[in-house]
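The values are calculated or read from the model by the stated rules, or taken from the named source; none is laboratory data. Since we're looking at a predicted model, the values are computed, not measured. Positions of Cβ are generated from backbone atoms using ideal geometry, with glycine treated the same way; all protein chains shown enter the neighbour counts. Note: accessible area is taken over every heavy atom of the protein model, side chains too, but ligands, DNA and RNA are not part of it. Shrake-Rupley method; radii C 1.70, N 1.55, O 1.52, S 1.80 Å.
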Amino acid sequence: QVQLVESGGGLVQAGGSLRLSCATSGSISSINAMGWYRQAPGKQRELVALIKRGGITNYADSAKGRFTISGDNAKNTVYLQMNSLKPEDTAVYYCHADSWNINFWGQGTQVTVSS
């Protein structure tokens, strides 16, 4: 089992920045990849950024150049630094962990970007 707890969401003006954190606990050594997803009202949940064991990262086109995913192994925490935020980034952001094809999700954190 893997437990994920997100924090760092909030209200920010367009052009601003936020850093989301995802604290992990449990069977951390079994995690192969971690990612951030988001879901806006009326839309499907979508991948924002992914980091695999070894540090390889992938980003959605909408996140490239603005968002950065990183991990701190000492703190068992994954971060999503979001810069140049836009109103269309408004969504609930979820932390995800892939543990041998078993999916674990956090409870989500709301990000609201005002124009």
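Taking H placed 1.01 Å from N in the peptide plane, check which residues at least 5 places from residue 85 or on another chain put their amide H under 5 Å from its amide H.
Counting only residues 5 or more places away or on other chains, the set is 15, 16.
Beyond 23 Å, how much of the Cα-Cα pair distribution for the chain remains, as a whole percent?
Numbers: 1428 of 6555 pairs.
Counting pairs separated by more than 23 Å, the tail of P(r) holds 22 percent.
With every protein chain present, what accessible area does residue 47 have (1.4 Å probe, heavy atoms only), rounded to the nearest 10 Å²?
It works out to around 60 Å².
Give me the accessible area per residue for segment 3-105, probe 1.4 Å, as a whole number in Å².
Working: 5550 Å² over 103 residues.
Accessible area per residue, segment 3-105: 54 Å².
How much of the accessible area of the chain, in percent, comes from carbon and sulfur atoms when a 1.4 Å probe is used?
Working: 3000 of 6180 Å².
Ligands and nucleic acids excluded, carbon and sulfur give 49 percent.
Put a dot 7 Å past each Cα toward the Cβ at residue 52 and residue 5; how far apart are the dots in nm?
With each label placed 7 Å out from Cα toward Cβ, I get 3.1 nm.
Need the list of lysines near residue 43 for cross-linking: C-alpha distance under 29 angstrom, and skip anything on the same chain fewer than eight residues off.
Of all the lysines, those that pass the test against residue 43 - Cα under 29 Å, at least 8 places apart if same chain - are 52, 64, 86.
Nothing charged except the Cβ atoms of Lys and Arg (+1) and of Asp and Glu (-1): what's the magnitude of the dipole of the chain about its Cα centre? Round to the nearest 20 debye.
100 debye
I'd like to know which of 71, 28, 13 lies farthest towards the positive end of the charge dipole of the chain, counting +1 on Cβ of Lys and Arg and -1 on Cβ of Asp and Glu.
The Cα lying farthest towards the positive end belongs to 71.
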